[in-house]
Amino acid sequence: MSGLTERVIKVNVVRAAALYAALIVVAWCALFPMLWALSGSLKKEAGVSEPTLLPAHPQWSNYGLVFALMPFWRMLLNTMLYAGCVTVGQVFFCSLAGYAFARLPFRGRDTLFLLYLATLMVPLTVTVIPQFILMRTFGWTDTPWAMIIPGLFGTYLMRQFFLTLPTDLEEAAILDGCSPWQVYWRIMLPHTKPAVMVLAVLTWVNVWNDFLWPLVMIQRKDIATLTLGLVWLQGQYVSRWPVLMAASILILLPLLGVYAFAQRAFLRGITVTGFGGR
Amino acid sequence: MFDKPIGRRTLLRGAGVLGASLLPWPSACGAGEDALTFFFQANPDEADARMRIIEEFGRRHPDIRVRTVLSGPDPMQQMSTFCAGGRCPDVLMAWELTYAGLAERGVLLDLNTVLARDQAFAADLKADSIASLYDTFTFNGGQYAFPEQWSGNFLFYNKRLFADAGLRPPPARWEQPWSFAEFLETARALTKRERSGRVTQWGFVDTWVPAYSAGLFGMNNGVPWCTPRTNPTHFNFDDDAFIEGIQFYADLAATHHVAPTAIDAQSLSTMDLFAAGRAAMAMGGHWRYQTFVRAEGLDFDVTVLPAGPEGHGAQSDIGTTGLAIAASSSRKEQAWEFVKFATGPIGQAMIGESGLFVPTLDSAIHSAGFGRAHRRIGNLGVLTEGPAHSGYLPVTPAWEKINALIDRAFGPVLRGTRPATSLKTGLARDIAQVLSNP
Amino acid sequence: MTRTRRRAWAGRVFVAPNLAALAVFMLFPLGFSLYMSFQRWDLFTPAKFVGLANFRTLFTADPLFLIALRNTVVFTVGTIVPTVLISLVVAALLNRKLMGIGFFRAVIFVPLAVSSVVMAVVWQFVFNVDDGLLNTMLGWIGLGPVPWLVEPGWAMVSLCMVSVWRSVPFATVVLLAAMQGVPETLYEAAKIDGASEWRRFVSITVPLIRGALSFVVIISIINAFQAFDLVYVLTGGNGGPETGTYVLGIMLFQHAFAFLDFGYASALAWVMFAILLVLTVLQLRFARRVSLEN
């Protein structure tokens, strides 16, 4: 091997090592609170705050207690159904509207878009009560319907992604005689798979972790969500912290599964094509 | 030529989800519309105890169904959202510090009107109640809730740590308290440090709200929080003896270093320290009892708070929660039956036996069931005589605003960066202003 | 129908479902809160009309409003700047075909998925003055303990740290998705031309993810400005210690549900709305000008 090749290999190894080191630092920053929660969930009630990472006698029974103290499976089912419905609805309707805002010129488009953004700017605190009143007028309080309300920020996200797609793609399709719907469904949407995945995952997580809305809307345990279960594990002054930690880990796991699934489902086979070397 | 669309399968899956979502749920309309709603805040153990009371009630009144609504971290927000939206719960948990605002606005039913029609129960209640607790919920001539449990503060102490340090056990009765000086001495003797200065054992930790605890020490120096108790016109933050008590509490952490830095209330770490045996004394109320009982290897008992030089005997605080009925309830008779049961002799006896609460009726506190539930406590008198030896907290509709001011002003005092006497000019004036324009 | 008219019609139809949802579920609440800002309402008794009194008090007689405003600006800037910078770097790191990159991409997602309940407890332990993780680690390198959540100034720093920790995953996930849409061929061409990694990043990646970047900035500003959940669980509902973490979101909640002054809270909410609207319009104009120049 020549000296030059050796040097190149060395530089590459150093580079790779540096990259991995940086990634590990990032991973640690992202993970350490949950690792701490994991270790907390295995401790006995006294001594939760001690800085030991792995307790001497891990109390796996705390996880069993979670199932005893709250109807976990029912709540899991409920949460998945709510999140599923909202995600499917959001992805579909928001990507549709996002495409329209990005690419289909119609009168009043930009003011309407600003209106969308504006609705994000009024704090939730003051809209909770009138929304409760609204739900009550529809008779939806304490029913599943109240949980399936489409969010609106998804439109903004999709619009931004559609804006970045090159116009040649569309123009080719339009010249070929495709209707706007076909352009959207067959061309634009597949090219924004990463964005769709992001929107789907973010929506799912939002619904999964939302606790104010279910807190106000739901009183019956059989339609309650997981975060409500978590809140109800806490009392006025006292909570059984290890059990709380165990519950939060259990609530987190399905989310990781969803993320892994979304990554594979949406990003598999995505080919980023060049555009004619322009 | 074109990429495949999102995938028919994914779309069908989505539609399937939507369809399946409609199946497993029972009727979409809220079933149980005719049940009595009971709103309260509790951890799972406490909720369990309440369920037992509800079940017992159901046995005696099979025609009345009760539906529980558990509160999240902010009961006021939930309650006001429900009431503003026209769905006020029928039976509400009431807190001594915050109920007055609701009573003033006519949200709570004046129970005197109902008591007038139920003379028998009224007489029983009068005989069996502990006056100071009962009067907590008397406001502007009306009675807006019946007390359900006493949550006053006292001291838990670690028997083994006391024995190891060769100290005499602390006092067992409110009538024979120890002094501030004795308390400080004990705490000093029980604080252990490593060579590096890091503390391995604290003499004293506070598991309550630091600002309120400071006020409690002020109370134990002979001065009440405010005058009069209900709708106060004056808070005693400009009283030297009250300030002395507050300063003593602040000095525990800031000057004598027998207690950790006073940070936010309900911090897990202070309770944890005592449960793990790393703190010799912990100030708190009965709500900590279950946690300490479950802690392995913790041999503890309870004792009274110390009395200051200006104080006359030691006091706890009249912390209490109660049950109230919404004035807008359409099921007042049923709600009354439930409240009567839960705050009456039977419900209170059940509460006492559960070991989760200290009941508020004499008969229940001194019952055998209560004693059995607290077998591990030697100085039971601290609990049974506690309510009778309690000083009041303010009862005012303006509490939230005053509380915010107190919280802000106490920060530097508790950290030791400002003396407690600074409260005389700052906080006292601000509170006077709030009281004069409600 | 001509092609443009068909597209315009399609545009309206595509937007219609979203618009309908907005009209039904947002119009009433927005109108209600606007109406309430001119009333005095304590949530239990009937509301009383007071005209502009709420706004007048807010701007002239409430020193806490300015404090809250200042804290909110500090918090927003202290969150956005680190978030954008860090997430750009992290997204660039993750936008590679390294072995095991999938694991790291999944890991970055975790803070986003954590509920605020758990976050509060965990971070309180991290920030504990005597025993917490941070002060312990500082002790290893010889630095004294920092009064994280105890002193007003440091409390704001702690808050920003947690907020950045919370926001970076969201921004990273969005930016990464955008970066994955940048064609490989552009990078290859630049490499052939001899451009360094940094050069490639600045001249190719960043301009091409402009849309996602502006989205991240605008949404993060809107969220940070209204921040309430995080502050409430970490430092309580009073913006303590003293007024160290007293942001507009806390002030809003306190007036609405503690002081039962819902009219005043609504007025505050709409003032916040006005500020955000102006900020967003300015940003959108700026973004458009930048894209036109390109």
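The values are calculated or read from the model by the stated rules, or taken from the named source; none is laboratory data. Computed from a predicted structure; not experimentally measured. With ideal geometry, Cβ positions are generated from the backbone for all residues, glycine too; neighbour counts draw on all protein chains shown.
Residue count for the range C:130-172, restricted to those that are within 15 Å of the chain's Cα centre (by Cα) and among the aliphatic types (A, V, I, L, M): 6.
Going by what's in this entry, would C:Gln254 be described as within 12 Å of chain A (Cβ to nearest Cβ), in a helix (DSSP H, G or I) and within 26 Å of C:Trp154 (Cβ to Cβ)? Talk me through it step by step, then tell me what you get.
Details: within 12 Å of chain A (Cβ to nearest Cβ): yes; in a helix (DSSP H, G or I): yes; within 26 Å of C:Trp154 (Cβ to Cβ): yes.
Against the criterion (within 12 Å of chain A (Cβ to nearest Cβ), in a helix (DSSP H, G or I) and within 26 Å of C:Trp154 (Cβ to Cβ)), C:Gln254 qualifies.
Only a single item in (1) crowded, with 20+ Cβ neighbours inside 10 Å; (2) in contact with a helix residue (DSSP H, G or I) (Cβ under 7 Å, 6 or more places away or on another chain); (3) acidic (Asp, Glu); (4) more than 27 Å from B:Gln315 (Cα to Cα) is not met by B:Glu96, and it is number (4). Among the residues of the range A:182-201, are any part of a loop (DSSP other than H, G, I, E, B) and surrounded by fewer than 21 Cβ atoms within 10 Å (Cβ to Cβ)? No: zero hits. Scan the range C:210-225 and report the pairs whose first residue is modelled with pLDDT under 90 and part of a helix (DSSP H, G or I) and whose second residue is among the small types (Gly, Ala, Ser) and surrounded by fewer than 22 Cβ atoms within 10 Å (Cβ to Cβ), with Cβ atoms within less than 7 Å and a gap of 6+ or a chain change. Between residues of the range C:210-225 that are modelled with pLDDT under 90 and part of a helix (DSSP H, G or I) and residues that are among the small types (Gly, Ala, Ser) and surrounded by fewer than 22 Cβ atoms within 10 Å (Cβ to Cβ), the close pairs are C:Arg210/C:Ser291; C:Ser214/C:Ala287.
For the range C:226-249, the condition holds for at least one residue, the condition being that it is of a type in the set (Ser, Thr, Tyr), part of a helix (DSSP H, G or I) and under 25 Å from B:Glu400 (Cα atoms).
Return a yes/no flag: does the range A:192-207 have any residue that is charged (D, E, K, R) and more than 9 Å from chain B (Cβ to nearest Cβ). Talk me through it step by step, then tell me what you get.
Restricting attention to the range A:192-207, the residues satisfying the condition of being charged (D, E, K, R) are A:193.
After this cut, where a residue has to be more than 9 Å from chain B (Cβ to nearest Cβ) as well, the list is none.
No, the range A:192-207 contains no residue that is charged (D, E, K, R) and more than 9 Å from chain B (Cβ to nearest Cβ).
Screening the candidates C:Val122, C:Val129, C:Val117 for the property of being out of contact with any Cys (no Cβ under 9 Å at 6 or more places or on another chain), modelled with pLDDT under 85, facing chain A (nearest Cβ under 7 Å) and under 27 Å from B:Val199 (Cα atoms) yields one hit, C:Val122. Restricting attention to the range C:139-166 and to residues that are farther than 30 Å from A:Asn209 by Cβ and more than 14 Å from chain B (Cβ to nearest Cβ), the residue that is surrounded by the most Cβ atoms within 10 Å (Cβ to Cβ) turns out to be C:Leu143. Of the set (1) among the hydrophobic types (A, V, I, L, M, F, W, C); (2) more than 8 Å from every other protein chain (Cβ to nearest Cβ); (3) buried (at least 22 other Cβ atoms within 10 Å of the Cβ), all apply to C:Val217 but (3).
Return yes or no: is B:Pro171 assigned to a loop (DSSP other than H, G, I, E, B), at pLDDT 90 or above and either in contact with a Pro (Cβ under 9 Å, 6 or more places away or on another chain) or surrounded by 23 or more Cβ atoms within 10 Å (Cβ to Cβ) (or both)? So B:Pro171 fits the description; yes.
Listed here are the residues, each with its yes/no results for (1) among the small types (Gly, Ala, Ser); (2) more than 14 Å from chain C (Cβ to nearest Cβ); (3) surrounded by 22 or more Cβ atoms within 10 Å (Cβ to Cβ); (4) closer than 27 Å to B:Ala49 by Cα.
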{"site": "B:Ser330", "(1), (2), (3), (4)": "yes, yes, no, yes"}
{"site": "B:Gly344", "(1), (2), (3), (4)": "yes, yes, no, yes"}
{"site": "B:Gly352", "(1), (2), (3), (4)": "yes, yes, yes, yes"}
{"site": "B:Phe370", "(1), (2), (3), (4)": "no, yes, yes, yes"}
{"site": "B:Glu385", "(1), (2), (3), (4)": "no, yes, no, yes"}
{"site": "B:Thr396", "(1), (2), (3), (4)": "no, no, yes, no"}
{"site": "B:Thr421", "(1), (2), (3), (4)": "no, yes, no, no"}
{"site": "B:Lys424", "(1), (2), (3), (4)": "no, yes, no, no"}
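Among the residues of the range B:151-164, just one is free of Cβ contacts under 8 Å to residues at least 40 places away in the same chain and of a type in the set (Gly, Ala, Ser), namely B:Ala163. For first residues located in the range A:64-76 and within 12 Å of another protein chain (Cβ to nearest Cβ) and over 13 Å from A:Trp232 (Cβ atoms), partners that are assigned to a helix (DSSP H, G or I) and aliphatic (A, V, I, L, M) and lie 6+ apart or on another chain with Cβ distances below 8 Å form the pairs A:Leu65/A:Val243; A:Leu65/A:Ala246. Beta carbons closer than 6 Å, at least 6 apart along the sequence or on distinct chains, pair a first residue in the range A:159-183 that is touching a residue at least 40 places away in the same chain (Cβ under 8 Å) with a second that is buried (at least 16 other Cβ atoms within 10 Å of the Cβ) and among the polar types (S, T, N, Q) for A:Phe161/A:Thr192.
Residues satisfying the criterion are present in the range C:18-37 (criterion: in contact with a Gly (Cβ under 9 Å, 6 or more places away or on another chain), more than 7 Å from chain A (Cβ to nearest Cβ) and on the phi < 0 side of the Ramachandran plot).
Identify, please: which residue in the range B:68-108 is assigned to a helix (DSSP H, G or I) and within 7 Å of another protein chain (Cβ to nearest Cβ) and is, among those, farthest from the chain's Cα centre (by Cα)? Restricting to residues being assigned to a helix (DSSP H, G or I) and within 7 Å of another protein chain (Cβ to nearest Cβ), the top hit is B:Ala84. Every condition in (1) out of contact with any Asp or Glu (no Cβ under 9 Å at 6 or more places or on another chain); (2) in contact (Cβ under 8 Å) with a residue 12 or more places away in the chain is met by B:Asp128 except one, and the failing one is (1). Cβ-Cβ distance below 6 Å, separation of 6 or more or different chains: which pairs start in the range B:84-99 with a residue that is under 18 Å from B:Leu36 (Cα atoms) and assigned by TED's automatic domain parsing to the domain that holds B:Arg50 and end on one that is in a loop (DSSP other than H, G, I, E, B) and among the hydrophobic types (A, V, I, L, M, F, W, C)? So the pair list comes out as B:Ala94/B:Ala145.
Restricting to the range A:15-35, give me the number of residues that are in contact (Cβ under 8 Å) with a residue 12 or more places away in the chain and facing chain C (nearest Cβ under 7 Å). Let's see the steps before the verdict.
So in the range A:15-35, the residues in contact (Cβ under 8 Å) with a residue 12 or more places away in the chain come out as A:34-35.
If we keep only those that are facing chain C (nearest Cβ under 7 Å) too, we end up with A:34.
Within the range A:15-35, residues that are in contact (Cβ under 8 Å) with a residue 12 or more places away in the chain and facing chain C (nearest Cβ under 7 Å) number 1.
C:Trp198 passes every criterion in (1) more than 10 Å from chain A (Cβ to nearest Cβ); (2) assigned to a helix (DSSP H, G or I); (3) surrounded by fewer than 22 Cβ atoms within 10 Å (Cβ to Cβ); (4) in contact (Cβ under 8 Å) with a residue 40 or more places away in the chain apart from (4).
Kindly indicate whether any position in the range B:308-328 is in a helix (DSSP H, G or I), in contact with a helix residue (DSSP H, G or I) (Cβ under 9 Å, 6 or more places away or on another chain), surrounded by fewer than 21 Cβ atoms within 10 Å (Cβ to Cβ) and in contact (Cβ under 8 Å) with a residue 40 or more places away in the chain. Walk me through how you get there before you give the answer.
In the first step, residues of the range B:308-328 are kept if they are in a helix (DSSP H, G or I); the result is none.
No: zero hits.
Kindly evaluate A:Thr87 against the criterion of being more than 14 Å from chain C (Cβ to nearest Cβ), buried (at least 21 other Cβ atoms within 10 Å of the Cβ) and at pLDDT below 85. The answer is no for A:Thr87.
Among the residues of the range A:100-125, which ones are under 21 Å from the mean Cα position of the chain (by Cα), of a type outside the set (S, T, N, Q) and in a helix (DSSP H, G or I)? Listed by number, the residues that qualify are A:Tyr116, A:Leu117, A:Leu120, A:Leu124.
When B:Phe183 is tested against (1) part of a loop (DSSP other than H, G, I, E, B); (2) surrounded by 23 or more Cβ atoms within 10 Å (Cβ to Cβ), exactly one condition is not met: (1).
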